[in-house]
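Everything below concerns the one structure shown next.
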Amino acid sequence: MSGTRNPPAEQLPQFDGKAFAASLSTAPGVYRMYAADDSLLYVGKASALRKRVASYFSNSPKSPRTLSMLSQVARMDVTVTRTEAEALLLENQLIKSLMPRYNVLLRDDKSFPYVLLTREQWPRIAFHRGPRAVPGRYFGPYPSAWAVRETLNLMQKLFKIRNCEDSVFRNRTRPCLQYQIGRCTAPCVDLVGADQYAESVRQAGLLLEGRSDELTTELSDRMEAASAALEFEEAARLRDLVSLIRTLQSRQYVDGHAADLDVLACAMQGSTACVLLLAFRDGRNLGTRTFFPKTNGEESAEEVLGAFVSQYYIEQTPPREIIMDREIPDSQLIEAALAESAGRKVQLKWNVRSERAGYLELARRNAEIALVSEVTSRSAQTARSEALQQLLGLPEPARRIECFDISHTMGEATVASCVVFDAAGPVRSQYRRFNITGITPGDDYAAMHQAIERRFRRAVEEHTDDKPGVLPDVLLIDGGAGQLAQAKAALADLGVTSVVLVGVAKGEERRAGHEALVMEDGREVRPGAASPALQLVQQVRDEAHRFAITGHRGKRQKARMTSKLEDIPGIGPRRRASLLRHFGGLAGLKAAGVDEIARVDGVNAALAERIYANLHGLPTPTAGSE
């Protein structure tokens, strides 16, 4: 895997930056710097393009990183925007999609978790991560999955909103355990009215929006009204609800007000940076989250933090206050852009006192601790990578390692996983799963062949002279000689020869540290538990196993939770509910004959035959009229 080297600076065409800047307008916009090979070097924003671009080519002192970047500039492009906020938005879109060589890049392996309140007749409340494809309201983002689950726990205690999947909800015939322990009102079996349930959903939305003071005031007024009307049971229910909100919320106040802020601290050691986020919403401490941006040579903590703030909050709804441990460049521009995107005032602060100063010091200390841990971890990762290089006889440490694993339960819901590691560790954004189809259930060899073929065929098809397909330096296969032979055959069919193949066979009694590495020529190497090379292989293999198991379980659970009745034409929600209620569930329906099924209200003889055939795997009769 070779790259194109840039020619020495003296051989590059001289770019006249001063003349280019003089030709620009004073409007806001985005500028892009390109090298001679047309690779993107840098993307920046400007409130006045002419002034900002001219500053690069003035005689003012510049950092070595900036001088190195400018020495490679062969051309520049600009895009004029209507406002500075549009410039900030466009800049971050380009940085995220094009990943310029000299920009600070916010690398986050996981999407942020949200609380989802669905939009349907009987809404459910749930944990959500990933694309917002489900209709409903999304509250967040939260800094951790733990914070989301704690919030969901609180919502169920207070408002008793269902959290079950729709396939379960539609097919219930009696209340579940959540109803029995007082965490759901059982709308699945009509134990709560639609209006009452909708009111609970509305109240939950108020609390999730951070409007708890408004909610408690409203509930207190209704409690007094109910008491005056001698509706003492309703008054007692409202009293308990207000008490729970005030007790369970564990409010933390800042300067006498419920906090709605994020606290950010940036720590740096060389070119490694850590940004720690401490989040408060409606007075609740939601915990911390650490980020390790890719600095690309930037050594200024102010620049790194500024890039983080603009890239992170352009995609996430900002709180009313963002407290930082230092002033960042273009703070007024970023503040105005965030306020415009949020539709309300957003303040960036760095000189703070009292409680805010205490939270800022806490964030600083934790950022420094996380940075030390990360640097130590990266040093260990580098040592393991170099050990693997020596073990496999590679010309240089592997820059990209991929590992495949297969997971299924007796052939059911077979899933193959592909995980990716680079020099810094796992690259979760590039993980892939493959749903394996068209093979004999339980045939791991065929599953491995199919997964490898599908992954590398795409790389071959995308390969061009200008942009070669992405291939790993080392490909690990979870399995012995058989799985390795399938991977080798699949790569040979595609003409891929530059990848080093290694099988990872389990040791005696499956003990960790006793694994054998199976080479392409059939040799087996047992480095031993103390080998840093084997430790890296185990780390990658275990991650592939975890990722495959998670995908398989999700696929299997989804298949088992989908009622067979949903696939039968002519069976809608009402008929499905009637059938399940009449027979006490799917098992009772499956035990019934055609005549018994036809006795259910709304089911005629033709539909009963189709239901019976579908449930017993028989040829389905031609659909008639119902």
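For segment 257-373, the square roots of the Cα gyration tensor eigenvalues, ordered a ≥ b ≥ c, give a/c of at least 1.5 with a/b no greater than b/c, which places it in the oblate category.
Our coupling estimate for segment 606-611, obtained by passing each phi through the Karplus curve with A = 6.51, B = -1.76, C = 1.60 and θ = phi - 60°, is 5, 5, 4, 5, 5, 4 Hz, Gly and Pro reported as x. Think of segment 9-98 as having a plus end and a minus end, set by charges on the Cβ of Lys, Arg, Asp and Glu; of LEU98, PRO28, GLY17, PRO28 sits farthest toward the positive end of this dipole. Counted by neighbouring Cβ atoms within 10 Å, the residues MET448, MET69 run from fewest to most as MET69, MET448. Placing R0 at 51 angstrom, the Cβ-Cβ distance between ALA194 and GLN430 gives a FRET efficiency of 0.65 after rounding to 0.05.
Taking the Cβ of ALA225 as the centre, find all other residues whose Cβ is under 15 Å away and add up their charges (Lys, Arg: +1; Asp, Glu: -1). Cβ neighbours under 15 Å give a net charge of -4. Working note: 222 nm ellipticity from helices only, DSSP H runs with n ≥ 4, each -39,500 (n - 2.57), summed and divided by the residues of the chain, gives -14000 deg cm²/dmol to the nearest 500.
With the highest mean first, a sort of the peptides 601-608, 191-198 on other beta-carbon atoms found within 10 angstrom per residue produces 601-608, 191-198.
Positive-end ranking of ALA46, TYR56, ALA591 along the dipole of the chain, with charges on Cβ about the Cα centre, is headed by ALA591. Each Cα pair under 8 Å and six or more residues apart adds its sequence gap; the mean of these over the residue count of the chain is a relative contact order of 9 percent.
Residues whose amide H lies under 5 Å from that of CYS403, counting only those 5 or more places away or on a different chain, are VAL419, LEU476; hydrogens are built 1.01 Å from N in the peptide plane.
For ALA133 and ARG174, the difference between the fully extended length at 0.36 nm per residue and the C-alpha to C-alpha distance is 11.7 nm. Model label points for ALA459 and ARG353, set 7 angstrom from Cα along the Cα-to-Cβ axis, are 6.0 nm apart. With the cut-off at 1.5 for a/c, could you classify segment 113-210 from its C-alpha gyration tensor as rounded, prolate or oblate? Taking the square roots of the gyration eigenvalues as a ≥ b ≥ c, segment 113-210 is prolate. Measuring between their Cα centroids, segment 297-330 and segment 392-415 lie 37 Å from each other.
The slack in the chain from LEU618 to GLU302, taken as 0.36 nm per residue of separation less the alpha-carbon distance, amounts to 106.9 nm. Between segment 80-124 and segment 491-557, how far is it from one alpha carbon centroid to the other, in angstrom? Result: 35 Å between the Cα centres.
Ordered by residue, what ³J(HN,Hα) values in Hz, to whole numbers, does segment 344-354 give under the Karplus form 6.51 cos²θ - 1.76 cosθ + 1.60, where θ = phi - 60° and Gly and Pro are x? Rounded to whole hertz, the list is 7, 5, 10, 10, 9, 10, 9, 9, 10, 9, 6.
The separation of segment 450-488 from segment 569-617, counted between C-alpha centres, amounts to 48 Å. Please give the FRET efficiency for SER578 paired with ARG320, using the beta carbon to beta carbon distance and R0 = 35 Å, rounded to the nearest 0.05. The computed FRET efficiency comes out at 0.10.
Residues LEU264, LEU394, ranked from the fewest to the most other C-beta atoms within 10 Å, line up as LEU394, LEU264.
In order along segment 310-318, the phi-based Karplus estimate (6.51 cos²θ - 1.76 cosθ + 1.60, θ = phi - 60°) of 3J(HN,Hα) comes to 5, 6, 6, 7, 5, 9, 10, 5, x Hz; Gly and Pro are listed as x.
Each peptide in 129-139, 407-417 was scored by the mean count of other Cβ atoms within 10 Å over its residues; highest first, the order is 407-417, 129-139. Extension gain, ASP260 to SER63: 0.36 nm times the residue separation minus the Cα-Cα distance gives 67.2 nm. Each of the peptides 203-212, 55-64 was scored by the mean count of other Cβ atoms within 10 Å over its residues; in descending order, highest first, they stand as 203-212, 55-64.
Computed from the C-beta positions of ALA54 and ASP601, the FRET efficiency with R₀ = 56 Å rounds to 0.10. Between ARG365 and LEU105, the distance separating the two model label sites (each 7 Å from Cα on the Cα→Cβ line) works out to 3.5 nm. A cut-off under 14 angstrom between Cβ atoms defines the neighbours of GLN450, and their net charge, with Lys, Arg +1 and Asp, Glu -1, is +1. Look at the Cα gyration tensor of segment 564-615: its axes a ≥ b ≥ c give a/c under 1.5, and that counts as rounded.
Considering only THR83, LEU206, LEU67, and ranking their Cα positions along the charge dipole of the chain that arises from unit charges at the beta-carbon of Lys, Arg, Asp and Glu, the one farthest toward the positive end is LEU206.
Under the simplified labelling scheme, the THR409-GLN121 pair shows an inter-label distance of 3.1 nm, with each label point 7 Å from Cα along Cα→Cβ. Backbone amide hydrogens, once placed in the peptide plane, bring ARG211 within less than 5 Å of nothing, excluding anything fewer than 5 places away on its chain.
Throughout, read-outs are computed from the coordinates displayed, never taken from laboratory work. A quick note: this is a predicted structure, and the numbers were derived from the prediction, not measured. Note: ideal-geometry Cβ built from the backbone for every residue, glycine included; neighbour counts use all protein chains shown.
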